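The values are calculated or read from the model by the stated rules, or taken from the named source; none is laboratory data. Note that the structure is predicted; figures quoted are calculated from it, not measured. Every residue, glycine as well, gets a Cβ built from its backbone with ideal geometry; the counts of neighbours run over all protein chains shown.
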Amino acid sequence: MSGGQARRLYANTPGGQVHGRMLGHGAPLVLLHPSPLSSVFMAPQQVALATRWRTVALDTPGYGQSDPLPVPAESLTPYAHTLLAALDNLGIERFALFGSATGAQIALVIARQTPERVTRLVLDNCGHFDDADVDAWMSRYFPDLAPRDDGSHLTQIWDLARRQFQAFPWFSDAPEHQLDRPPAPATLVQSMALHYQLAGSDYARAYRLAFRAERAESFHGVSVPTVLIDWAGSIMRPHTRALIEAGLPACVRVRRAAAPPSARIEAIVEAFAD
C-alpha cells in the first residue's frame with residue numbers, strides 16, 4: 001500500500017471517534033498534524049515514510065473527521081490520551097512519532113507521559129514563545145469566525161488562510177515577520193480555508209493550548225530519542241532557533257533542513273531512518 005492511496009480508518013475511544021489514514025507496511029509510525037488542519041496535510045510526509053513504515057496519520061479530536069472531546073480541555077493532555085486510546089483500539093502499542101506545530105506539542109505530551117510506547121520522536125514547526133508575545137498575539141491570532149448573515153466570515157477566513165503563508169504571526173505587517181516565500185497557490189489556500197470551516201467556530205480549541213505550550217519547558221522530562229527539525233522554510237524558524245538556544249535535553253538532537261519543502265521531507269525521513 002506504500003505506493004497507493006491511504007486507507008481511511010476510525011477508532012473508537014472514550015473521548016469519541018478518531019479518524020485517520022494508514023499507508024505502508026512495517027513498524028508503526030504515527031503522524032500528528034498542525035491546527036486547524038487534519039491528517040490530509042500529512043500526506044507528503046506519509047507517502048515518503050510509507051516506503052519503510054506503516055504510517056498512521058490521525059486527526060486531532062475536533063479537527064478533520066475526528067469527534068471533538070466531550071468536555072472542553074484545559075491542556076493538551078486529554079488530546080494526547082484520546083489519541084493513545086485510538087492507537088490502543090488499532091492494536092498499536094509501540095510506535096515512532098512525528099508531530100508538527102500543534103501535533104508536535106501533543107507528541108511531546110505523549111512522549112513525556114508514556115515514554116515506554118515511543119520508539120523515536122521527530123518534531124518540526126516547533127519553537128519557544130515568550131509569554132509576552134503570546135499575550136500580545138492572542139487577541140488577534142484567533143478571530144471570531146462564526147457564520148454571519150452577509151457571508152463576510154468567508155472572506156475573513158480566506159484572508160486569514162492566505163496570510164498564514166505570508167507572515168508569522170499572520171496578522172502582522174512588520175517586515176521582520178514576513179516570510180521569504182512566493183504566495184501560496186490558491187488551491188492550497190482553499191484547502192486551509194476549508195479546514196477552518198470544517199473545524200467550526202471553535203477552531204481555536206487545541207490551537208490556543210498549543211500556543212501556550214510552545215516553550216522550552218515542554219521538553220522537560222522527555223527521555224525518548226528525539227530529533228528536532230530546524231527547517232529553514234518554517235514559519236516558526238526564529239522560534240525554533242530560540243528553542244535551540246534555550247537548551248534541550250541530552251536525548252534531543254537537531255537536524256537542519258534547507259528551505260525547499262522537499263528538503264524538509266528528506267530530513268524527516270532521515271531522522272527516522274538513522
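Things worth noting here:
- Taking the numbered list (1) more than 21 Å from Pro261 (Cα to Cα); (2) surrounded by fewer than 22 Cβ atoms within 10 Å (Cβ to Cβ) in turn, Val47 passes all entries but (1).
- Of residues in segment 210-236 being touching a residue at least 40 places away in the same chain (Cβ under 8 Å) and of a type in the set (D, E, K, R), the one surrounded by the most Cβ atoms within 10 Å (Cβ to Cβ): Glu214
- Candidates Ala111, Ala101, filtered to the one that is closer than 19 Å to Arg241 by Cα, in contact (Cβ under 8 Å) with a residue 24 or more places away in the chain and assigned by TED's automatic domain parsing to the domain that holds Leu32: Ala101
- Residue match in segment 193-206 (condition: out of contact with any Leu (no Cβ under 7 Å at 6 or more places or on another chain), part of a helix (DSSP H, G or I), surrounded by fewer than 20 Cβ atoms within 10 Å (Cβ to Cβ) and in contact (Cβ under 8 Å) with a residue 60 or more places away in the chain): yes
- Considering residues of segment 1-44 that are modelled with pLDDT under 95 and of a type in the set (S, T, N, Q) only, the residue surrounded by the most Cβ atoms within 10 Å (Cβ to Cβ): Ser2
- Some residue of segment 51-66 being closer than 25 Å to Arg241 by Cα, surrounded by fewer than 18 Cβ atoms within 10 Å (Cβ to Cβ) and at pLDDT 95 or above: no
- Test: residue in segment 244-255 that is closer than 19 Å to Phe41 by Cα, buried (at least 17 other Cβ atoms within 10 Å of the Cβ) and free of Cβ contacts under 8 Å to residues at least 60 places away in the same chain: no
- Members of segment 177-192 that are assigned to a loop (DSSP other than H, G, I, E, B) and not small (Gly, Ala, Ser): Leu179, Asp180, Arg181, Pro182, Pro183, Pro185
- Strands (runs of 3 or more DSSP E) (entirely within segment 1-40) containing at least 2 residues that are touching a residue at least 12 places away in the same chain (Cβ under 8 Å) and over 14 Å from Ile92 (Cα atoms): 7-13, 16-23
- Some residue of segment 179-202 being of a type outside the set (A, V, I, L, M), within 26 Å of Leu248 (Cα to Cα) and either over 19 Å from the mean Cα position of the chain (by Cα) or not assigned by TED's automatic domain parsing to the domain that holds Ser75 (or both): no
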